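Here is the structure we will look at.
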Amino acid sequence: MAESWFALSNHRIRNTDAEERTREALRLAIVGYLHMLELIGIEAARQPRSGRAVLALNSFIEKRTPQLDYTSGRLHEAIFTPHLRDLLDRYSLAANQLLMVAPSALLEDIQRVNELLMEFERPDQDWVRRWQEARGQLVRACRDEVGPEAA
C-alpha cells in the first residue's frame, strides 16, 4: 500500500513539475513576443508621415519607374533604417518560439497582430488604433492563459 502511495505521489510531483515548466516556457515566449511587438510599435510610430504631395510623387515614381522606386527604397533602408532587418529577424524568432508553445486559444489573436504587421505601409490613425486594439486583446488573452505573474 505504501509503495503505491509513493508511486502516485512521485507521479503527481513529476506531472506538476512538467506542467510548471511548460507554463514557464509559454510565459517566456509570450514575454519575448510582446517585447518585440512593443519595439515594432515604437518603430512604426517613429515613421515620418508623408503629405499628399510626397505621396503623389511616390505613387508617380512607383508606377512610372519601378526600378528607380525599388533602388531608392533599398537605399533608404540602408541609410535610414539599417536596424530594421535585425528587428525583423528578432521578431521572426520570437513569433516562431511563441507559435511552438502557444495553446490554440492564443493563435487567433497572434494571427490578428501578424496580419496588421503585414499590411503596415505608413503610420495612420486607423492602423495605430487597430494595432493598439489587437495588441491589447493579445495581452489580455495571454494574461488569461498564464496569469498576471511577472516572468
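Using R0 = 30 Å, the C-beta based FRET efficiency linking Arg143 and Leu39 works out to 0.90. With the simple spin-label model, which puts each label point 7 Å out from Cα in the Cβ direction, the Asn96 to Ala56 separation comes to 4.5 nm.
Between Glu19 and Gln67, the simple label model (points 7 Å from Cα in the Cβ direction) yields a spacing of 6.4 nm. Compared with the direct C-alpha span, the chain from His83 to Ala105 gains 4.6 nm at full extension, assuming 0.36 nm per residue.
Rule-based calculations on the coordinates, nothing more; no lab input. What you see is a predicted model, and the numbers here were worked out from it, not measured in a lab. When we count neighbours, we look across all protein chains shown, and the Cβ atoms used for this are built from the backbone with ideal geometry, even at glycine.
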